[in-house]
Amino acid sequence: MHRRDLLRIAGAASLCPFLPRGAGAAVRFTRAARAARLQALSEDQSRVVTVIAEMIIPRTDTPGATDVDVTGFVDHLLAEWYAPPDRQAFLTGIDTLVGERFVDLPDDHRAARLAALDGGQGPDGSPEAAVKTLKSLTIYGYFTSQRVVQEVTRDPIIPGRFEGCTRF
C-alpha cells in the first residue's frame with residue numbers, strides 16, 4: 001500500500017464525525033473555510049501550521065497541503081467551530097513552536113523535532129497535543145478540498161443514495 005492510499009483511507013474515515021449533516025451544508029462549509037482570511041491564527045502561528053501541514057502532506061506528483069490551503073481551513077475551523085478552551089489549548093501548543101523558532105530550523109532538525117512531537121504524549125496546551133490535532137485537521141482539510149477530490153481521489157466522499165434490503 002502506498003502512503004497516499006493510506007492517507008486517503010485514513011482521511012475518509014476521519015471525516016465522518018466532522019461532516020455537516022447535509023451535502024449542501026458540507027459544500028458551503030468547505031467553501032467558507034477556504035475563502036476566509038485568518039481569523040484565529042496569528043501570522044507566526046499560520047507559518048508554523050503551514051510548515052507542519054506541508055511536512056505531513058508534501059507536494060509530490062499530487063498537490064501538497066499548502067496547494068489546497070490547509071492553513072486557511074484550520075484557521076476557519078479554529079475560529080468558527082472550536083470551543084474557546086480547545087482553540088486556546090491548540091494555539092498555546094503552536095505558540096510554543098513559534099517561540100522555539102520551529103520554522104527557522106534547518107530541514108533535518110525540523111523533521112527530527114516534528115517526529116519527536118508526533119510520537120510524544122502531552123497534555124492539552126502542549127506542542128505534542130497541538131501537533132496531534134494539526135495532523136488530523138491537515139488530513140481532514142486536504143481530503144475535503146475540491147482540488148484533491150477532483151484530481152487525486154476522484155471518489156465521492158459521500159456516496160450515492162442508500163438502497164436498503166428490498167427483497168422482503
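None of the figures in this text is laboratory data; all of them are computed from the coordinates on show. Keep in mind the model is a prediction, meaning the values are calculated, not measured. Neighbour counts are summed over all protein chains in view; Cβ atoms, including those assigned to glycine, are modelled from backbone coordinates with ideal geometry.
Which FRET efficiency value, to the nearest 0.05, do you get for ASP104 and ARG154 by plugging their Cβ-Cβ distance into 1/(1 + (r/R0)^6) with R0 = 41 Å? Walk me through the intermediate numbers first.
Working: r = 38 Å, r/R0 = 0.93.
Rounded to the nearest 0.05, the efficiency is 0.60.
Once the piece of chain linking THR66 and GLU43 is laid out straight, how much longer is it, given 0.36 nm per residue of separation minus the C-alpha distance between them?
In short, 6.8 nm is gained.
Please list, in order along the range 112-121, the HN-Hα scalar couplings obtained from phi with the Karplus expression 6.51 cos²θ - 1.76 cosθ + 1.60 (θ = phi - 60°), rounded to whole Hz, x for Gly and Pro.
Values per residue, Gly and Pro as x: 5, 5, 5, 4, 5, 5, 5, x, x, 10 Hz.
Please compute the length gained on full extension between ALA79 and ARG59, using 0.36 nm multiplied by the number of residues separating them and subtracting their Cα-Cα distance.
Working: separation 20, 0.36 × 20 = 7.20 nm, distance 2.67 nm.
That works out to 4.5 nm of additional length.
How much FRET efficiency would the formula 1/(1 + (r/R0)^6) give for SER136 and CYS165, where r is the Cβ-Cβ distance and R0 is 30 Å, rounded to 0.05?
About 0.30, to the nearest 0.05.
Given a cut-off of under 8 Å on Cα pairs at least six residues apart, what relative contact order in percent is computed for the range 37-153?
Result for the range 37-153 is 32 percent.
By per-residue mean of other Cβ atoms within 10 Å, what is the highest-first order of 116-126, 130-140?
With the highest mean Cβ count within 10 Å placed first, the list reads 130-140, 116-126.
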